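Below: one structure, written as structure tokens.
The values are calculated or read from the model by the stated rules, or taken from the named source; none is laboratory data. Only a predicted model underlies this, so the values are computations on that prediction, with no experimental measurement involved. Using ideal geometry, Cβ is built from the backbone for each residue, glycine included, and neighbour counts are taken over all protein chains shown. Ligands, DNA and RNA are excluded from the accessible area calculation, which covers all protein heavy atoms including side chains. Shrake-Rupley method; radii C 1.70, N 1.55, O 1.52, S 1.80 Å.
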Amino acid sequence: MPRSFVPTSAMSRRRFLAATGALSLGAALTACGGDSDSSAAAKPVSQADIDKAMKTPTQLTFWTWVPDIQKEIALFERQYPAIKVKVVNAGQGVAHYTKLRTALKAGSGAPDLAQIEYQAIPTFTITDSLLDLSPYGASALKDKFVDWTWGQVSGPDGEVWAIPQDTGPMGMLYRKDIFDRHGIQVPTTWDEFADAARALHKAAPDVYLTNLAANEHAAWHGLLWQAGAKPYTVSGKSDLSVDVDGAVSKKLGEYWGGLAKEGVISTDPDFTDGWYAGFNKGKYATWLTAAWGPAFLSGSAKATAGNWRAAPLPQWDAAKPASGNWGGSTTAALRSTKNPVAAARFAQFLNSDPASAKMFATEQFFFPATKSLLAAPGFTGEAPAFYGGQKVNQVFADISDTVSTAFQWPPFLDQAATDWTETVGKSLADRSDTVAALGAWQSRLTAYAKKQGFTVKES
């Protein structure tokens, strides 16, 4: 089995956190910025100043949950021997972000750099907590990364808030043996998917075409992304559009809520013992997941080895292939760093240097954000036995090209996630009215945003 499909326990834990979008960024978020003006155009730092800084003995502190990242850091320190990087694992998900926010608020104890997931970036930019990396040469890296990832880390005025590290374009893993047994063709549209769900469950009442976890807002956001929804639009520091119950969202609500009501899909909570058992016992015939899913599943459903295959998500419009993203993270420098040049250059090197980027794919099993790796035969040509020799990396590399660049996250994702679980997620689990639940989600988010000082435009 190829190395990138041999998950470790550390990788599995990392994927779990990325998958669930585990964030707790505090209810006390305000719409105001920091105590200094970040609106002024950033001035480029000269190459002479960069060269001087990179030859000056410096220690950077980097908060990250990535296992064995010291291997990538060693490449950086070899090229810049004057710079030493101290790695601190401040926790994962909730713990990581809570400690980071607390240190920033206290004005001391924050690192020079931190691992930040794409969906968390707006929470830190809205409070002016991230260093704009564009004056330090980051803008020149734009073409090295998948277009939609750059859209996630850049600002409207050319700011670069972080450097992409890994991604999670969404596709469909499916049980070929179950499909073959019941004469199911791989669905290419959501209508075909619904028909297959009904037919399969009628023929095999203990089997569901898929499980849409009622506790998994991240998957729902990914499906919104694929469908072309724009649930959140942030403008400036205080203007926010909330549209989680618009026409596109209602289309998803009617579709998934309808299938849940019919009882032809399951809504079991994910990353639980029962959910793992479901995969191993053949309860779920597909998993609508991200590019990290193949490695994760191969370590979590070993009893099903050889039976799985990968395909793009079914489409709303087959003539316009589209997907969303679920998971992935970046390296960001904190605005409070005393070593902005070294921090900025480290973030860039870590994720754009070819050897370092490749190491993330082969050592930590991350799905790449760089175009070069996604086109490399050594990566796309892997044919893991767990997937019957299919070139799964190639499938997801192709899917990555179909992810829209337009999707935005809110500056309070933790609240959006909680409210989704208590409204939309609950409706799926209860087999109640999901469209009505979308309205409740909209109302709760709008009220919260206004309470935090945002000027809110509703759908």
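Remarks
- Taking amide H as placed 1.01 Å from N in the peptide plane, Val85 has its amide H under 5 Å from the amide H of Leu60, each at least 5 places away in sequence or on another chain.
- 3J(HN,Hα) along the stretch 398-413, derived from phi through the Karplus expression 6.51 cos²θ - 1.76 cosθ + 1.60 where θ = phi - 60°, amounts to 5, 4, 4, 5, 9, 7, 5, 8, 8, 5, 10, 10, x, x, 8, 5 Hz, with x in place of Gly and Pro.
- 25 Å Cα-Cα threshold exceeded, pairs from Lys176/Lys202; Lys237/Lys451; Lys43/Lys457; Lys43/Lys86: Lys43/Lys457; Lys43/Lys86
- Label-zone membership for the stretch 128-170, site Asp398, 7 angstrom Cα→C-beta point, backbone N under 15 Å: 170
- If the segment from Ala447 to Lys261 were pulled out straight at 0.36 nm per residue, it would be longer than the present Cα-Cα gap by 64.1 nm.
- Share of carbon and sulfur in the accessible heavy-atom surface of the chain [1.4 Å probe, %]: 52 percent
- Built amide H within the under 5 Å cut-off of Tyr232, gap 5+: Asp243, Gln408
- Ordered by solvent-accessible area of protein heavy atoms (1.4 Å probe), largest first, the residues Asp128, Asp180 come out as Asp180, Asp128.
- Placing R0 at 41 angstrom, the Cβ-Cβ distance between Asp273 and Lys338 gives a FRET efficiency of 0.30 after rounding to 0.05.
- Distance from the Cα centroid of the stretch 114-146 to that of the stretch 229-293 is 27 Å (rounded to whole angstrom).
- Simple spin-label estimate for Asp68 and Val94 in nanometres, 7 Å along Cα-Cβ: 2.9 nm
- Accessible surface of Trp65 - all protein chains present, 1.4 Å probe, nearest 10 Å²: 10 Å²
- Taking every protein chain into account, the accessible area of the chain amounts to 39 square angstrom per residue (probe 1.4 Å).
- By the rule of a C-alpha distance below 18 Å, with chain neighbours fewer than 8 residues away ignored, the lysines paired with Lys84 are Lys52, Lys55, Lys71, Lys338.
- Using a Förster distance of 25 Å, the FRET efficiency for Lys251-Thr405 (Cβ separation, nearest 0.05): 0.70
- Reported label for calculated Rg and Dmax of the Cα atoms in Å given [x] 23.4, 90; [y] 21.5, 78; [z] 21.9, 71: [z]
- Potential lengthening between Ala436 and Thr362 on full extension [0.36 nm per residue; Cα-Cα distance subtracted]: 22.2 nm
- Shown in residue order for the stretch 436-445 are the 3J(HN,Hα) couplings computed by the Karplus curve 6.51 cos²θ - 1.76 cosθ + 1.60 at θ = phi - 60°: 5, 5, 4, x, 5, 4, 4, 5, 5, 5 Hz (x for Gly and Pro).
- Probe 1.4 Å, all protein chains present, accessible-area order of Tyr118, Tyr448, Tyr80, largest first: Tyr80, Tyr448, Tyr118
- Inter-label distance, nm, simple model (7 Å from Cα along the C-beta direction), Asp143/Lys281: 5.4 nm
- Straight-distance candidates among the lysines for linking to Lys320, with alpha-carbon spacing under 18 Å and chain neighbours fewer than 8 residues away dropped: Lys230, Lys251.
- The gain in end-to-end length when the Thr455 to Gln79 segment is fully stretched comes to 130.6 nm, 0.36 nm per residue minus the alpha carbon separation.
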